[in-house]
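Enquirer: Please read through the structure below; I'll follow up with questions.
Computed from the coordinates by the stated procedures, all read-outs in this text should not be read as laboratory data. Because the structure is a prediction, the values reported are computed rather than measured. Heads up, the Cβs are rebuilt from the backbone with ideal geometry, glycines too, and the neighbour counts pull from every protein chain shown.
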Amino acid sequence: MNQQQHFLDINQMRLKVLIVGEPDKNKLCVVLLHGGLDCLETWKGYPADLAQSTGLPVVAYERFGHGESGCLTRIREANYRHIESNVVLPAVMEKLGLSNVILVRL
């Protein structure tokens, strides 16, 4: 199955993204969200295995301040999870043309 990593520009910062399969705005896609101390490597072979077993494309990305995504320039605000869910995630979905997703958190 096709697997690629690249960077998106989100709010003038770079965000590392892993895409397994071929996302399509008209089809369901799985989006993996990592935990507080994790990065894409934490998922190991899970994205590819999940895509293979479900037949669905899988997208995972590293939050800002993690892995190879852009560094944070200030301390996270208390509501950083709300910012992630209401600003960053929708921006990633828009950039990738995703509209129908299943969210999976580590």
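Enquirer: Using DSSP loop states and a limit of at most 11 other Cβ atoms within 10 Å to flag trypsin sites (Lys or Arg not before Pro), what is the longest stretch of the chain containing no flagged site?
Expert: 75-106
Enquirer: Rounded, prolate or oblate: which fits region 9-61, taking a ≥ b ≥ c as square roots of the Cα gyration tensor eigenvalues, rounded meaning a/c under 1.5, else prolate when a/b beats b/c?
Expert: oblate
Enquirer: Going by the alpha-carbon gyration tensor, a ≥ b ≥ c the square roots of its eigenvalues, is region 61-104 rounded (a/c under 1.5) or, if a/c is not under 1.5, prolate (a/b greater than b/c) versus oblate?
Expert: It is prolate, given that a/c is not under 1.5 and a/b is the larger ratio.
Enquirer: Using the 10 angstrom Cβ neighbour count as an exposure proxy, how do Cys71, Cys39 rank, fewest first?
Expert: Arranged by neighbour count, lowest to highest, Cys71, Cys39 become Cys71, Cys39.
Enquirer: Then there is this: Would you please state the base-10 log of I(q)/I(0) at q = 0.21, 0.23 1/Å for the chain, with intensities from the Debye formula using one equal scatterer on every alpha carbon?
Expert: -1.15, -1.38
Enquirer: With both bridge residues required to lie in region 3-105, what share of the DSSP beta bridges run antiparallel, to the nearest 5%?
Expert: Just about 55 percent of them are antiparallel.
Enquirer: At a 10 Å Cβ-Cβ cut-off, how would you order Val59, Val104, Val92, fewest neighbours first?
Expert: If I rank by nearby Cβ atoms, fewest first, I get Val104, Val92, Val59.
Enquirer: Still on this structure, please answer the following. Note down the nm distance, to one decimal, between modelled labels 7 Å out along Cα→Cβ at Val87 and at Glu68.
Expert: 2.5
Enquirer: Would you please state which residues of region 86-106 a label at Thr42 would reach in this model, taking the label point 7 Å out along Cα→Cβ and a backbone N cut-off of under 13 Å?
Expert: 104-106
Enquirer: Sorting Thr73, Thr54 on the 10 Å Cβ count, fewest up front, what's the list?
Expert: Ranked by crowding around the Cβ, least crowded first: Thr73, Thr54.
Enquirer: To the nearest 20 debye, what charge dipole does the chain have about its Cα centre, counting +1 at the Cβ of each Lys and Arg and -1 at the Cβ of each Asp and Glu?
Expert: 200
Enquirer: Can you find, among Thr42, Ser99, Val87, the residue farthest towards the positive end of the dipole of the chain? Put +1 on the C-beta of Lys and Arg, -1 on that of Asp and Glu.
Expert: Positive-end residue among those listed: Val87.
Enquirer: Still on this structure, please answer the following. Long-range amide H contacts for Val101: which residues qualify at under 5 Å (H placed 1.01 Å from N, peptide plane, sequence gap of 5 or more or a different chain)?
Expert: Cys29
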